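See structure below.
The values are calculated or read from the model by the stated rules, or taken from the named source; none is laboratory data. Note that the structure is predicted; figures quoted are calculated from it, not measured. Ideal geometry is used to build each Cβ from the backbone, glycine not excepted, and the neighbour counts take in all protein chains shown. The protein model used for the area step is the full one, side chains on, heavy atoms only, and it has no ligands, DNA or RNA in it. Shrake-Rupley method; radii C 1.70, N 1.55, O 1.52, S 1.80 Å.
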Amino acid sequence: MSDAPITALLAVNLGTPETPTAPAVRRYLAEFLSDPRVVSIPPLLWKPLLHGLILPLRSGRSAHKYAQVWLPDGSPLAVHTRRLAEGLQRELPQWRVRHAMRYGTPALMPALDALVAEGIQRIVVLPLYPQFSTTTTASVEDRVQQWQARNPQIQVQLIRDYADDPQWAAAVAASITAHWQQHGRGDKLVFSFHGIPQRLADAGDPYPQRCRASAEAITAALGLSADEWELTYQSRFGRERWLEPYAEPRLWALAQSGLKTLDVVCPGFATDCLETLEEVALGFTATVAERGAQMRYIPCLNDAPSHARALATLATAQMA
């Protein structure tokens, strides 16, 4: 009789190109931008635009950005996600812990198949998006539901949101405190969450409310008053209106108002990635400096033991 555990945790992150090259980035973006949860334009209109214009233009530029933050072991998102899964395995020794990507490799559905092949009977799927959105968590949920329809004998639980989970919020707060202890505290703490189109929020996507819930839980753990922090959104794409305030212009305004030091944290991202490292830590820091202020980026939780403990607690609660 096999002594393999019957319960598994599958931690699912967004995904990343396999190399910082234009062909690899193009393959990744083609999959990512073909998801109707990400781009809701009808395929007959979107596909020619995607493959004829957007991918040829964006792939090379994005590859250059990836190259600026690439680690010796690979993409930051891939490296940190793998290490976080290893930390989760240490926290859950009786479980089988694996990781997957919604786009790219290791792919989500083959990862689920592999767990069943190992004899797993119960799976907790943890999308590494603390704040639920139809553009992220719901896309993972779509795939999991498709898979379970073909595997009804497997018990699957999906964690849809942990935006204000106390243990997770405390872990983020502790990372901010540790940064302040090492570097000193800035004049203001700015939260930068990945944006989504405003029309999605208007249609009922709860993401902005969940981002605010995260910021409020973290600042409560830090003991901050309302005037000591702000919430912003980054990573706009296209010409339509996205969630506001936009992060970079707001940072510029704070710098020009006379604040000398701004601390920026991105708790919408479980692990550091292109958006946190290239866009924020490199890009925002440079443009804020041009306006006379210093911006300090506070890294994501990544594979911190406190992060693994918080997520392991969430997972075990699903099986209670």
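The residues listed here are 266, 273; of these, the one that is within 21 Å of residue 201 (Cα to Cα), open to solvent by less than 20 Å² (accessible area, probe 1.4 Å) and in contact with a helix residue (DSSP H, G or I) (Cβ under 6 Å, 6 or more places away or on another chain) is 266. Given the condition touching a helix residue (DSSP H, G or I) at 6+ places or on another chain (Cβ under 8 Å), open to solvent by less than 70 Å² (accessible area, probe 1.4 Å) and not in a helix (DSSP H, G or I), answer yes or no: does some residue in the stretch 39-48 qualify? Checked the stretch 39-48: at least one residue is touching a helix residue (DSSP H, G or I) at 6+ places or on another chain (Cβ under 8 Å), open to solvent by less than 70 Å² (accessible area, probe 1.4 Å) and not in a helix (DSSP H, G or I). Open to solvent by 40 Å² or more (accessible area, probe 1.4 Å), assigned to a loop (DSSP other than H, G, I, E, B) and either touching a strand residue (DSSP E or B) at 6+ places or on another chain (Cβ under 8 Å) or under 22 Å from residue 311 (Cα atoms) (or both) - does that describe any residue in the stretch 114-127? Within the stretch 114-127, one or more residues are open to solvent by 40 Å² or more (accessible area, probe 1.4 Å), assigned to a loop (DSSP other than H, G, I, E, B) and either touching a strand residue (DSSP E or B) at 6+ places or on another chain (Cβ under 8 Å) or under 22 Å from residue 311 (Cα atoms) (or both). Among the residues of the stretch 207-243, the ones that are loosely packed, with under 14 Cβ neighbours inside 10 Å and on the phi > 0 side of the Ramachandran plot come to 2 in all. Tell me yes or no: at least one residue of the stretch 163-186 is buried (at least 17 other Cβ atoms within 10 Å of the Cβ) and over 21 Å from the mean Cα position of the chain (by Cα). Yes: the stretch 163-186 contains one or more residues that are buried (at least 17 other Cβ atoms within 10 Å of the Cβ) and over 21 Å from the mean Cα position of the chain (by Cα). The residues of the stretch 112-144 that are without any contact (Cβ under 8 Å) to a residue 60 or more places away in the chain and either at positive phi or under 21 Å from the mean Cα position of the chain (by Cα) (or both), listed by number, are 137, 141, 143, 144. Taking the stretch 145-170 on its own, how many of its residues are touching a Leu at 6+ places or on another chain (Cβ under 6 Å) and in contact (Cβ under 8 Å) with a residue 40 or more places away in the chain? Of the residues in the stretch 145-170, 2 are touching a Leu at 6+ places or on another chain (Cβ under 6 Å) and in contact (Cβ under 8 Å) with a residue 40 or more places away in the chain.
Kindly check whether there is at least one residue in the stretch 298-305 that is in a helix (DSSP H, G or I), crowded, with 18+ Cβ neighbours inside 10 Å and among the aliphatic types (A, V, I, L, M). No - not one qualifying residue is present in the stretch 298-305.
Within the stretch 77-101, the set of residues being open to solvent by 20 Å² or more (accessible area, probe 1.4 Å) and either in contact with a Leu (Cβ under 6 Å, 6 or more places away or on another chain) or in a helix (DSSP H, G or I) (or both) comprises 78, 80, 82, 83, 86, 89, 90, 91, 95, 98.
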